[in-house]
């Protein structure tokens with residue numbers, strides 16, 4: 001009897017456990033999640049009246065793809081010219097703007113819609129855009145031009161263009177991709193144009209890493225203005241190092257390309273006097289100097305009021321280096337000419353360009369220009385000198401179809417007295433066809 005009782009108890013426990021497990025399994029089912037998450041951006045589907053049409057009923061009805069969040073709409077839309085007395089009616093995805101004051105005659109009105117406008121789930125408007133309407137005659141001023149990029153890899157990114165009034169009120173906002181843009185149907189007035197590439201998609205310009213372009217444009221029917229998308233640069237130009245080529249030639253290497261500088265001084269730290277500079281040749285971040293010889297062991301190079309291409313100015317930049325005692329024993333050579341030897345030119349007063357392997361001081365440059373057949377001397381003027389590149393131009397028109405010979409004489413030398421190995425001859429023929 002006891003055995004039967006124990007068996008019944010065990011069976012009861014097992015049955016109870018099975019029932020509990022079944023009930024628990026049923027209870028583990030979760031309630032529906034509500035379907036796929038809504039992540040689609042808000043879009044504008046229609047406008048009444050249509051864009052560029054007359055606002056004859058003093059109202060605009062905008063239909064969106066989804067229900068619009070009221071608070072975000074107030075933050076993200078703009079009207080220009082401003083209409084102070086505006087009533088806004090909301091009906092899910094339809095918003096009606098009613099203008100309760102007289103509108104300006106023969107004026108275009110702009111309703112700018114930015115991505116600060118969101119639906120009730122927080123999805124923003126798909127892009128900044130502007131709808132244009134007219135009250136009276138449609139105004140047709142135009143601003144257009146090309147778009148260039150400091151960084152070529154930016155060429156495929158959308159350029160956000162904001163047009164503002166002279167008192168900085170937003171008139172219209174839009175974007176362009178590619179090499180050109182055009183803003184049309186504009187009122188005749190002065191504008192501020194501001195453009196940038198929103199790389200981090202936060203809806204604003206970040207000067208640390210985004211290119212921009214801006215300008216003030218006067219009122220004209222048609223304005224051609226190119227957008228040069230450049231990066232803000234707060235790094236100032238400074239001397240990175242100085243290389244001693246010889247005891248009379250030094251190269252200043254800057255940390256970036258330099259546009260202008262007021263003055264360069266070389267201080268002889270031994271004698272306390274400035275070393276004489278005979279010639280300065282500037283090319284981007286490299287500046288080459290020809291100097292007097294010195295017996296100093298240390299030189300201090302000083303540059304004053306150095307500016308870069310972004311307008312940053314360095315009042316003073318300096319560096320100390322050991323003076324170079326190595327003499328220059330290398331003779332200069334002619335690297336190239338324009339025109340090439342034996343070529344023709346379509347100008348009776350052509351510009352001859354000669355490029356040397358180093359700086360040639362103008363006082364040590366010796367050359368003649370003659371008519372080949374007669375040997376007649378032709379006077380010329382030196383347009384560019386004291387650098388590796390010289391530019392020469394005849395003082396009067398040459399004779400058509402008469403060959404000319406430009407000779408750089410062997411006496412031509414660099415500052416250290418090294419002469420070119422032999423006369424260099426350039427023959428060219430001026431030809432002007434009627």
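The values are calculated or read from the model by the stated rules, or taken from the named source; none is laboratory data. Everything numeric in this text was worked out from a predicted model, so none of it was measured. Cβ atoms come from the backbone with ideal geometry, glycine included; neighbour counts cover every protein chain shown.
Quick notes on this one:
- One residue from 202, 162 being outside the structural domain of residue 49 (by TED's automatic domain parsing), part of a loop (DSSP other than H, G, I, E, B) and under 20 Å from residue 232 (Cα atoms): 202
- Of the set (1) within 23 Å of residue 231 (Cβ to Cβ); (2) without any contact (Cβ under 8 Å) to a residue 12 or more places away in the chain, all apply to residue 272 but (1).
- In segment 88-103, the condition of being surrounded by 12 or more Cβ atoms within 10 Å (Cβ to Cβ) and free of Cβ contacts under 8 Å to residues at least 24 places away in the same chain is met by at least one residue.
- Criterion: touching a residue at least 40 places away in the same chain (Cβ under 8 Å) and touching a strand residue (DSSP E or B) at 6+ places or on another chain (Cβ under 6 Å) - qualifying residue of 348, 405, 369: 348
- Filter result for the condition that a residue is surrounded by 13 or more Cβ atoms within 10 Å (Cβ to Cβ), touching a helix residue (DSSP H, G or I) at 6+ places or on another chain (Cβ under 9 Å) and in contact (Cβ under 8 Å) with a residue 12 or more places away in the chain, over 420, 382, 392: 382
- The selection criterion, being touching a residue at least 24 places away in the same chain (Cβ under 8 Å), under 26 Å from residue 315 (Cα atoms) and surrounded by 15 or more Cβ atoms within 10 Å (Cβ to Cβ), does not hold for residue 235.
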